Amino acid sequence: MNAPYPPPPWHLRGTLHAALWPVRADRLPPWPLPPGVRPLRLGRRRAVVTFWVDYRPGGTLAYRELLVALAVRGGGSVGACAVEAWVDDPASVAGGRALWGIPKHPAAFVHDSPEPRRLRTGVLVDPAPTDAPHAPRAPLPTALHQPLVRLPGRVPLRARLFQPALPERPRPCEVPLRLTGVVRLTRTRLRTAPGAPLDYLAGLRPLAACALEDFRFTIAPAEPSRTA
């Protein structure tokens, strides 16, 4: 039987909006990390990065995603752990969990432009069941992205994810990433509420934010963890 998702590597393309948030450790959920991996410390704070991504046709899959990554140290190097993720494509949910140990969950997204030169992104993580159409829904976190300065050229980036075990992938793994795109500095404002995704960022401002336009992104096959 064929797997319900494409095999790795995945070659993706599109646009993303990223923001870096210094957050007090006591505000964050107790996210599981692989053995030997520790959060990157910024004094009493941790570095959290949010990614609102629009993967467009022309790549392995086309879907939308909200991903939260925690900056970490593992195996003597700095990387990230994808600690929360929501996508609107079932193949991405299944493949992300089974191939790379990324804890993806299904969601619905809104992308619109309420003001000139601004983009609003939101995610509905827990839509009401079809058999209970009037059931209350989880609050909707939204972010407003305002483009500022575009940097020249295309910027190449390499990174590595350190992922803990999941039921679909019972061993920790490391995930090499390659990314290139046009960088634009942006201003991001987030609105969320208690009980909603990203509620640990409520009332905070990001330290930095940017968009990566027309990106090309390769997620390589997972490698055995070297940190255990």
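The values are calculated or read from the model by the stated rules, or taken from the named source; none is laboratory data. Just so it is clear, the model here is predicted, and its values are computed rather than measured. Note: ideal-geometry Cβ built from the backbone for every residue, glycine included; neighbour counts use all protein chains shown. We work out accessible area using only protein heavy atoms, side chains counted, and drop any ligands, DNA or RNA first. Shrake-Rupley method; radii C 1.70, N 1.55, O 1.52, S 1.80 Å.
Which one of these is at pLDDT 80 or above and closer than 15 Å to A62 by Cα: A107, A98, A85?
Sole residue among the options that is at pLDDT 80 or above and closer than 15 Å to A62 by Cα: A107.
Which strands (runs of 3 or more DSSP E) does the stretch 10-107 wholly contain that include 3 or more residues that are within 30 Å of L148 (Cβ to Cβ)?
Once the strands (runs of 3 or more DSSP E) in the stretch 10-107 are filtered for at least 3 residues that are within 30 Å of L148 (Cβ to Cβ), what remains is 10-24, 45-55, 63-74, 77-87.
Name the pairs whose Cβ atoms lie under 6 Å apart, with the first residue in the stretch 90-112 and closer than 12 Å to E65 by Cα, the second hydroxyl-bearing (S, T, Y), and 6 or more positions between them or separate chains?
S92/Y63; H111/T121
Mind checking which pairs have a first residue in the stretch 73-88 that is farther than 12 Å from R160 by Cα and touching a residue at least 60 places away in the same chain (Cβ under 8 Å) and a second that is among the aromatic types (F, W, Y) and assigned to a strand (DSSP E or B), Cβ under 9 Å, 6 or more apart or different chains?
Going by the 9 Å Cβ cut-off, the qualifying pairs are W86/F109.
Which residue, of R158, R154, R184, is in contact with a strand residue (DSSP E or B) (Cβ under 9 Å, 6 or more places away or on another chain), at pLDDT 95 or above, of a type in the set (D, E, K, R) and within 20 Å of G79 (Cβ to Cβ)?
Going through R158, R154, R184 in turn, the sole match is R158.
Within the stretch 139-188, count every residue that is part of a strand (DSSP E or B), among the aliphatic types (A, V, I, L, M) and without any contact (Cβ under 8 Å) to a residue 60 or more places away in the chain.
Going through the stretch 139-188 one residue at a time, the tally reaches 10.
For the stretch 117-128, name all the residues that are open to solvent by 40 Å² or more (accessible area, probe 1.4 Å) and at pLDDT 70 or above.
Listed by number, the residues that qualify are R117, R118, L119, R120.
For the stretch 8-35, name all the residues that are touching a Gly at 6+ places or on another chain (Cβ under 6 Å) and either surrounded by 16 or more Cβ atoms within 10 Å (Cβ to Cβ) or small (G, A, S) (or both).
L12, R13, listed by residue number.
So which residues in the stretch 189-215 are assigned to a strand (DSSP E or B), modelled with pLDDT of 95 or more and buried (at least 17 other Cβ atoms within 10 Å of the Cβ)?
A209, C210, A211, L212, F215, listed by residue number.
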